[in-house]
Amino acid sequence: MGWFRGRVLALEGLEMEVHKGEVFGLLGPNGSGKSTAMKMILGLLRPTSGSAEVCGFRAGTIAARRQIGFLPENPYFPIFLSGAELVRYYGRLSGLGGAGLEKRVKELLELVRLGGEAGKRPLRTYSKGMLQRAGLAGALVGDPEILMLDEPTAGVDPAGSREIRDLILELKARGKTVIFSSHLLEQVEDVADRVIILHRGKKLREGRLEDLLTRKNEWEVKVQGLPEGDRQELLAWMKKKGGQVVREGAPRERLEDYFLRSLPEETRR
Amino acid sequence: MIGCLRRISAVAGNTFLEAVRQKVFAVLLVFALVLIGGANYFTEFSFQEQFKFLKDLGYAAISLTGLLVGLLGAAQLIPGEIERRTILTALCRPLRRWEFVVGKYFGLTTYLALMVVIMALAVWGVLGWKEGQFLRAEGLDSETAATIRAEAMDPRLLQAVLLVGAKLAVVAALAVFFSTIATSTTFVMAMTLLVYLIGHLQSVAREQWLETGEVTRWTVRIFLAGVALLVPDFNLYNLIDEIVAGNVVVWRTTLEVLGYSGVYIGVLLAAAACMFEGRDI
Amino acid sequence: MKPIAAVAGALVLLLAWGGAKIPWEKAMARDQRKATYGFSGPTTVAIREKVGQGLALAALGGFRGLAANALMLQAHGAWEEQQWVRVRSALELATMLQPRVAVFWDTASWHLAWNAAVAAEKYSGESSETKRKIEARRWVEAGRDLLERGTKAVPEKALLFQRLGDLYWQRLGDYQEAARCYREALSKGDAPPYLERFVGYALEKAGDKQGALEYFKDLRREMGDAPSQVRRPEVVEREITRLEKETAEKRVRKIK
């Protein structure tokens, strides 16, 4: 930032492609260059060399920015606004107005479950999760093709995170493309189709989660209702056929699912 | 076109609301109190002198308060937004950078204009009150009464308010320009204040530079040239003193200074937009 | 846009406008100087030498009026303490800072030619009466010189010419000069109506009864058939009658 600070090499030789309608994850530890990559796609930063294109438009141009809705990490919003006013403000910043904008504001607030009274309260009364959802509505107001989210669940509790993830999946179902960065890997696993892994500005891996994570030479089966005696028979049979049993026993539920199941219905929202 | 206006007015409106939330009313109140208190202080003097003191105090207070609000406000505009990271959510929109700069400026100047109007009304209010006091004291004898009324409700005071406002608008544009090149709010305020002070000497620098006689060292000549070319001539606004002195200032002169201010603001905003385009966020 | 292009663009804009604005600024400054008869006040450089830093900064910041008002307050304070030298220096600085404020010159001359002079004559510690009178005279002349400068700084208003006339009449006993000053004041258009008659009175006090009579006659003629009551035509007529009688008597006495 600024004119006279020293230059740091934030990204080197990054080649990246995101397909329409997919959920794409940018992974990496802090300082790996995820935010830098996003800012370059948005045109907030200029690359020293190379180029980027968004839906066929050069990154940073007005046409390109119209295609993207962005929610930055830990965003500060003008807190004296209400949720609805925030979305309206961002709508007007995108050049919208009048009755069309009002309709859109209402729709989006419903989508992110901030409709009605919740949308009228000032932002400073919102929880972190609600702020993120309001920001999401604001990012969507211009009806962009692509949604870019920088650490969307940072600082949000598990219930709120689950809501945001549900929203991402809903947007995917509506045909949107979602690019998001996170260092909370379990959350990425739930939603992403493809990921890229960055480290210190360089790309380490890229590919479909399925391809990356599947251990191809292993086979997992979950079975219910098999009596204890038959289990031992099955294990012996597999060994006879040349298979090596890597792990057997009752599967463990993820803590997050257990936690959410334990909460009463109302508090999950 | 409509979209452009919507975007600019969205930025302006938001900036205006943020400015209103600053502790402004306290400042205004302090100002009004100073004014009214000051009005009572000079009772040993003739009514012409008292009116002059009052008007001078009023316009100085408007200028000073406007200057402070303009400096603080403008310094917040861009460096402040960058610090708070609210600028990211704005600039990732299909919003041109120059629209952002222009919207910010108009938000700030609308707020400044509102402050100036309120303070000007306060000055007029106190002038009217003083007028009432004098008329009661001196009696309604026609000559003195006419002079008292003329001094108090001088229509030329409108020209003075416009000139004060224009001067503040130029200072605000300077601050916006500096805020596009700096990251520190202190730097922005310091530079703007410096240019404001130097602006009152610009006419001297201009004359010294253009008349080759006195100055021969080329380093000094370059410095003078720099000041003459890059700094506004704030002495042009000294018409305010003439108006307060009760002398005739024709509208043509005032309008010319207002026109100069307008063009200057346009140039500064264009330069600011230019600088902002090249800036990494 | 690359940063270097952005900086270059901005610089080009500012310098181009800089070159264009200079002739405009010069023209406006010239017009303003003309409108203020060349008296828009000295540049801050000249002020700095004479005035304290605080006041110089105020003048620099465009708050010249406040600085001048502060000096007038200083003068007032010094007057209350009968410190005439301080009164004078504060007044001279105030009028130097804001030469276009007529009321400053007015107050200044009043302090010098009336207050200071009377104090010198009656209340100074000096025992010799002659010396006191000389001192007083010096103050009156200082007041007169100040006022003369004032009439050059604010030549479009009647006020200072009127005060000068008063000074010549009341403090210097020079009624011819008083009449001249009053006439000058009347030519400005904003003089009080009674000043018209004072020209005549001054001429009479100067010993020129004939001149006074001619003047009053011209004045009555100029008023026309339906003069405004503010101009007190009946008083003028009364003066004409009185002066005619007195000049007639004088001629009779001469003949005798």
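The values are calculated or read from the model by the stated rules, or taken from the named source; none is laboratory data. These figures come from a predicted structure and were not determined experimentally. Here the Cβ is made from the backbone with ideal geometry for all residues, glycine too, and neighbour counts use every protein chain on show.
Please tell me if C:GLN162 is assigned to a helix (DSSP H, G or I), under 25 Å from C:ALA116 (Cβ atoms) and touching a Cys at 6+ places or on another chain (Cβ under 9 Å). So C:GLN162 fits the description; yes.
Does B:GLU242 count as surrounded by 20 or more Cβ atoms within 10 Å (Cβ to Cβ) and touching a Lys or Arg at 6+ places or on another chain (Cβ under 7 Å)? Taking the combined requirement at face value, the residue satisfies it. Taking A:GLY142 as meeting all but one of (1) modelled with pLDDT under 90; (2) within 12 Å of chain B (Cβ to nearest Cβ); (3) assigned to a helix (DSSP H, G or I), write down the number of the exception. Tallying (1) modelled with pLDDT under 90; (2) within 12 Å of chain B (Cβ to nearest Cβ); (3) assigned to a helix (DSSP H, G or I), A:GLY142 fails exactly one: (3). Filtering segment C:1-43 to residues that are surrounded by 14 or more Cβ atoms within 10 Å (Cβ to Cβ), at the interface with another protein chain (Cβ under 7 Å from one of its Cβ atoms) and not in a helix (DSSP H, G or I) leaves C:MET1, C:THR36, C:SER40, C:THR43. Within segment A:23-54, the residues that satisfy the criterion of being away from every other protein chain (no Cβ under 13 Å) and either farther than 20 Å from A:ALA192 by Cβ or outside any strand (DSSP E or B) (or both) are A:GLY28, A:PRO29, A:ASN30, A:GLY31, A:SER32, A:GLY33, A:LYS34, A:ALA37, A:GLY50, A:SER51, A:ALA52, A:GLU53.
Taking segment B:79-98 as the range and being within 14 Å of chain C (Cβ to nearest Cβ) and either basic (Lys, Arg) or crowded, with 24+ Cβ neighbours inside 10 Å (or both) as the test, the residues that pass are B:ARG96, B:ARG97.
Do you know which of the residues in segment B:249-269 that are aliphatic (A, V, I, L, M) and touching a residue at least 60 places away in the same chain (Cβ under 8 Å) is surrounded by the most Cβ atoms within 10 Å (Cβ to Cβ)?
The initial filter retains those residues of segment B:249-269 that are aliphatic (A, V, I, L, M), namely B:249-250, B:255, B:257-258, B:263, B:265, B:267-269.
With touching a residue at least 60 places away in the same chain (Cβ under 8 Å) added as a condition, the list becomes B:249, B:257-258, B:265, B:268-269.
Working: B:VAL249: 21, B:VAL257: 22, B:LEU258: 16, B:ILE265: 20, B:LEU268: 24, B:LEU269: 20.
Only one residue tops the list, namely B:LEU268.
With respect to (1) over 13 Å from A:LEU71 (Cα atoms); (2) within 14 Å of chain B (Cβ to nearest Cβ), the lone exception for A:VAL188 is condition (2). For the criterion of being closer than 22 Å to B:ILE87 by Cα, of a type in the set (Lys, Arg) and modelled with pLDDT of 90 or more, A:ARG124 fails.
From the list A:ASP257, A:ASP193, A:ASP211, which residue is of a type in the set (D, E, K, R) and touching a residue at least 60 places away in the same chain (Cβ under 8 Å)? It would help to see each step written out before you state the result.
Working: A:ASP257 fails: touching a residue at least 60 places away in the same chain (Cβ under 8 Å); A:ASP211 fails: touching a residue at least 60 places away in the same chain (Cβ under 8 Å).
Testing whether each residue is of a type in the set (D, E, K, R) and touching a residue at least 60 places away in the same chain (Cβ under 8 Å) leaves just A:ASP193.
Here B:ALA225 meets the list (1) buried (at least 22 other Cβ atoms within 10 Å of the Cβ); (2) more than 8 Å from chain C (Cβ to nearest Cβ) almost entirely, failing just condition (1).
Based on this model, can you work out whether C:LEU93 counts as at the interface with chain B (Cβ under 10 Å from one of its Cβ atoms) and either in a helix (DSSP H, G or I) or modelled with pLDDT under 90 (or both)? Working first, answer last.
Working: at the interface with chain B (Cβ under 10 Å from one of its Cβ atoms): no; either in a helix (DSSP H, G or I) or modelled with pLDDT under 90 (or both): yes.
When the stated conditions are applied, C:LEU93 does not pass them.
Could you look through segment A:130-157, keep only residues that are in contact (Cβ under 8 Å) with a residue 40 or more places away in the chain and β-branched (Val, Ile, Thr), and pick out the one that is nearest to A:VAL195 (Cα to Cα)? In this case the residue turns out to be A:ILE146. When restricted to residues that are touching an Asp or Glu at 6+ places or on another chain (Cβ under 9 Å) and surrounded by fewer than 22 Cβ atoms within 10 Å (Cβ to Cβ), segment A:97-114 contains 3.
Among the residues of segment B:211-222 satisfying the criterion of being assigned to a helix (DSSP H, G or I) and not β-branched (Val, Ile, Thr), which is nearest to the other protein chains (Cβ to nearest Cβ)? So the residue we want is B:ARG221.
From the list B:ALA160, B:ALA150, B:ALA182, which residue is under 27 Å from B:VAL248 (Cα atoms), modelled with pLDDT under 85, within 13 Å of another protein chain (Cβ to nearest Cβ) and out of contact with any Leu (no Cβ under 7 Å at 6 or more places or on another chain)?
Working: B:ALA160 fails: modelled with pLDDT under 85; B:ALA182 fails: under 27 Å from B:VAL248 (Cα atoms).
From the options B:ALA160, B:ALA150, B:ALA182, the qualifying one is B:ALA150.
Scanning for something on the phi > 0 side of the Ramachandran plot, more than 14 Å from chain B (Cβ to nearest Cβ) and at pLDDT 90 or above, does segment C:139-159 turn up at least one residue? The answer is no; no qualifying residue exists.
Evaluating A:PHE24 against the criteria (1) without any contact (Cβ under 8 Å) to a residue 60 or more places away in the chain; (2) over 24 Å from C:LYS2 (Cβ atoms); (3) among the aromatic types (Phe, Trp, Tyr) leaves one unmet condition, (1). Within segment B:214-252, if we keep just the residues that are out of contact with any Leu (no Cβ under 6 Å at 6 or more places or on another chain) and aromatic (Phe, Trp, Tyr), the residue that is farthest from B:ALA120 (Cα to Cα) turns out to be B:TRP218. Only one of the listed residues (B:GLY132, B:GLY128, B:GLY139) is surrounded by fewer than 18 Cβ atoms within 10 Å (Cβ to Cβ) and at positive phi. That residue is B:GLY139. For segment B:240-256, taking the residues that are at the interface with another protein chain (Cβ under 7 Å from one of its Cβ atoms) and in a helix (DSSP H, G or I), the one that is farthest from C:GLU25 (Cα to Cα) is identified as B:VAL244. Within segment A:60-96, can you find the residues that are part of a helix (DSSP H, G or I), surrounded by fewer than 23 Cβ atoms within 10 Å (Cβ to Cβ) and more than 7 Å from every other protein chain (Cβ to nearest Cβ)? Listed by number, the residues that qualify are A:ALA63, A:ALA64, A:ALA84, A:GLU85, A:ARG88.
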